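First the structure, in the form of structure tokens, and then the observations on it.
The values are calculated or read from the model by the stated rules, or taken from the named source; none is laboratory data. Just so it is clear, the model here is predicted, and its values are computed rather than measured. Because the Cβ atoms are built from the backbone with ideal geometry, glycine has one as well, and the counts that use them run over all protein chains shown.
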Amino acid sequence: MVAAMHVRFCLAFSFLTLVTTTPVLASCVTNNFRFYTRGDDVTTNESLSSGDTCFHTLRNYAPMGNTFRQIAISKNPGHGKLTIGGSNFQYRSNQGYRGSDSYAVKICMESPRGSGCSTVAFNADIN
């Protein structure tokens, strides 16, 4: 019974996705990924041009009752700036820098079956 409840809890969070939106002229491409809010760590990759910005927006999934509650910086980038506002965050690489960078955000949410947080790490390839 406990295992079945755990599976339902995990499945409820499997429907969560991080949606990446970009302006028309931006060059950011982020690999799709899924995460569960049970303390797990997820890593994804993204690529962008020097000086460009990656915009990330979290979207609630109302039919399942899932609601994002908090986004926090878990690791600041070394070659850019990470800012958080409401249900979104953005990473902007330093102008003129080319190479690798990384950053991480902690995302917390709740659902009818519980609440929790996960850390999502981004490995950025800056051209």
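Here are the numbers for the structure shown:
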item	result
Within the range 79-97, tally of residues that are in contact (Cβ under 8 Å) with a residue 12 or more places away in the chain and exposed (fewer than 13 other Cβ atoms within 10 Å of the Cβ)	2
Qualifying positions in the range 28-44 - of a type outside the set (Ser, Thr, Tyr) and buried (at least 16 other Cβ atoms within 10 Å of the Cβ)	Cys28, Phe35, Val42
From Ser111, Ser74, Ser47, residue being surrounded by 15 or more Cβ atoms within 10 Å (Cβ to Cβ), under 19 Å from Cys28 (Cβ atoms) and in contact (Cβ under 8 Å) with a residue 40 or more places away in the chain	Ser47
Residue list for the range 50-71, filter: of a type in the set (S, T, N, Q), surrounded by fewer than 16 Cβ atoms within 10 Å (Cβ to Cβ) and in contact with a Cys (Cβ under 8 Å, 6 or more places away or on another chain)	Gln70
Filtered residues of the range 77-108 (kept if charged (D, E, K, R) and closer than 18 Å to Val29 by Cα)	Lys81, Arg92, Arg98, Asp101
Residues that are in a loop (DSSP other than H, G, I, E, B), among the polar types (S, T, N, Q) and modelled with pLDDT of 50 or more, drawn from the range 1-52	Ser27, Asn31, Asn32, Thr37, Ser49, Ser50
